[in-house]
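Colleague: Shown below is the structure under consideration.
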Amino acid sequence: MYKYVALIGISTLLYSCQPNGNKATASADSLPLQAVMDNAGETTPVDKSVLATNTKSPIEGQTFLLGTYRVSDEEVGKMEFKQGWLDLRAVDGKFQLAAPDYNIVQGFDECAAMKSEAIISNHNSLLYFQIPSLNAGEVNSLKIPKDEVLPNHPLTYTFEEINYQLQAEGKLSAESSSPSSITDYKLHLSINGAPVAVLIDQSQFNDTFMKITFVGDLDRDGKLDFVFSVPRDYEEERTLVFLSSTGYDQMYEASRQFDC
């Protein structure tokens, strides 16, 4: 049984980090507003006219997943979240950004024969942020009736009278119907029919697949932002964040391995 641990150098965290058990998931029961699925597109082929071609280079250290980390003797007690960090948490069916409130539990990882520290939120937290354009307070968010985007099955969200479509392309396996067998996967974003960005570009999955974990207005500019879980293998946790205020041209990445 794999332990949820990651080998990291705390000096490179800048005290960014990543999530474990206390995690908010954007479910239909937990979020307020209404998202509209493009049911008409469930059997239609990928529309190449609305596919963008640009991809992103990840920005690391500004988002953090809570969880347990392997630490050296020199790193013990040095992990913390200084001023400027915000916690995206679910409270009474709504999301809000607030100052992190967490505990650090020290332990020992027998798999790696190293000391460990678990960052455990005292709330239903999804992700920690240290992005200057985000501020504390309640965040408008949409329900997520379907959290996977499969090729030929686009999803459309409507927010402030603007339509956002997530459309995937990829190669389906002839041997397996599992989404984890899809290769050359790309997730495209279009707004009111115009191509905007390639949000996800992944050559293959290893017993994993992508999931939508948050859709809402994190930066409060009246436009949708997206958070995805995109692990590349079953021993990884990885989150990608895209903000409208950057033109969806920056990808904030947090990841951690828990291999043994």
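Colleague: For the range 66-85, give me each residue that is touching an Asp or Glu at 6+ places or on another chain (Cβ under 6 Å) and over 18 Å from A99 (Cβ atoms).
Modeller: Y69, R70, V71
Colleague: For the range 81-128, name all the residues that are surrounded by fewer than 18 Cβ atoms within 10 Å (Cβ to Cβ), of a type in the set (D, E) and touching a strand residue (DSSP E or B) at 6+ places or on another chain (Cβ under 8 Å).
Modeller: Within the range 81-128, D101 is the sole residue that qualifies.
Colleague: In the range 99-128, what residues are among the acidic types (D, E) and either touching a Gly at 6+ places or on another chain (Cβ under 8 Å) or farther than 30 Å from I212 by Cβ (or both)?
Modeller: D109, E110, E117 - these are the residues of the range 99-128 that are among the acidic types (D, E) and either touching a Gly at 6+ places or on another chain (Cβ under 8 Å) or farther than 30 Å from I212 by Cβ (or both).
Colleague: Still on this structure, please answer the following. Could you tell me which residue of the range 72-114 is nearest to the chain's Cα centre (by Cα), considering only residues that are more than 24 Å from D259 (Cα to Cα) and among the aromatic types (F, W, Y)?
Modeller: It comes out as F95.
Colleague: Can you list the strands (runs of 3 or more DSSP E) found entirely within the range 169-260 that contain at least 3 residues being touching a Leu at 6+ places or on another chain (Cβ under 9 Å), touching a residue at least 12 places away in the same chain (Cβ under 8 Å) and surrounded by fewer than 22 Cβ atoms within 10 Å (Cβ to Cβ)?
Modeller: Filter on the range 169-260 gives 183-191, 194-204, 251-257.
Colleague: Mind checking which residues of the range 220-260 are touching a Ser or Thr at 6+ places or on another chain (Cβ under 6 Å), closer than 18 Å to Y128 by Cβ and aromatic (F, W, Y)?
Modeller: Y252
Colleague: So which residues in the range 136-162 are out of contact with any Leu (no Cβ under 7 Å at 6 or more places or on another chain), of a type in the set (S, T, N, Q) and either exposed (fewer than 15 other Cβ atoms within 10 Å of the Cβ) or outside any loop (DSSP other than H, G, I, E, B) (or both), if there are any at all?
Modeller: Once the filter is applied, which keeps residues that are out of contact with any Leu (no Cβ under 7 Å at 6 or more places or on another chain), of a type in the set (S, T, N, Q) and either exposed (fewer than 15 other Cβ atoms within 10 Å of the Cβ) or outside any loop (DSSP other than H, G, I, E, B) (or both), the range 136-162 yields T156, T158.
Colleague: Given the structure, is L166 closer than 25 Å to D233 by Cβ, surrounded by 14 or more Cβ atoms within 10 Å (Cβ to Cβ) and in contact (Cβ under 8 Å) with a residue 24 or more places away in the chain?
Modeller: So L166 passes the test.
Bear in mind that the values in this text are calculations on the coordinates, not laboratory data. This is a predicted model, so every value here is computed, not measured. Neighbour counts run over all protein chains shown; Cβ positions are idealised from the backbone, glycine included.
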